[in-house]
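Heads up, the thing below is written out as structure tokens.
The values are calculated or read from the model by the stated rules, or taken from the named source; none is laboratory data. On a predicted model such as this, the values are computed, not experimentally measured, just so you know. Cβ atoms come from the backbone with ideal geometry, glycine included; neighbour counts cover every protein chain shown.
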């Protein structure tokens, strides 16, 4: 969700997809294996760059959310990590009819904790299909 960079941060010039005014307005925790200083933005968003296990990141995000919901955003690798350890109550998948060439698959390998979810019927609007997976019994 922060940017297209893979590997070490080349420098401090990249300020995220949205520049100085990201749409969040709260703490955002970016999973990374490469250290980077916290980044305070003009609208109250602070990006925290963390190298930690999913349950540790979720604990930090829940503390920062102060009782509000925590939303996980990111690519397939991030979602798989949290699903694999049973930390996701609900998934909203947006399926776009676009061929991008290559990329990561969300469900490329069986996940032990994926059982116990139900899927609502697909809905289509805005040119994309939406699927919702929900844990049958939330944590």
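Residue count for region 36-72, restricted to those that are in a helix (DSSP H, G or I), out of contact with any helix residue (DSSP H, G or I) (no Cβ under 6 Å at 6 or more places or on another chain) and over 13 Å from residue 24 (Cβ atoms): 8. Every condition in (1) more than 19 Å from residue 33 (Cα to Cα); (2) outside the structural domain of residue 48 (by TED's automatic domain parsing) holds for residue 62 except the one numbered (2). Taken together, 73, 67 contain a single residue that is exposed (fewer than 14 other Cβ atoms within 10 Å of the Cβ) and touching a residue at least 60 places away in the same chain (Cβ under 8 Å), which is 73.
Among residues that are out of contact with any strand residue (DSSP E or B) (no Cβ under 6 Å at 6 or more places or on another chain) and within 21 Å of residue 17 (Cβ to Cβ), residue 37 is included.
Out of 97, 4, I need the residue that is at pLDDT below 85, part of a loop (DSSP other than H, G, I, E, B), within 18 Å of the chain's Cα centre (by Cα) and loosely packed, with under 15 Cβ neighbours inside 10 Å. Which one?
Going through 97, 4 in turn, the sole match is 4.
Residue pairs whose Cβ atoms lie under 7 Å apart, separated by 6 or more positions or on different chains, with the first residue in region 101-121 and within 14 Å of residue 135 (Cβ to Cβ) and the second at pLDDT 75 or above and part of a loop (DSSP other than H, G, I, E, B), are 113/85; 113/86; 116/136; 117/136; 118/136.
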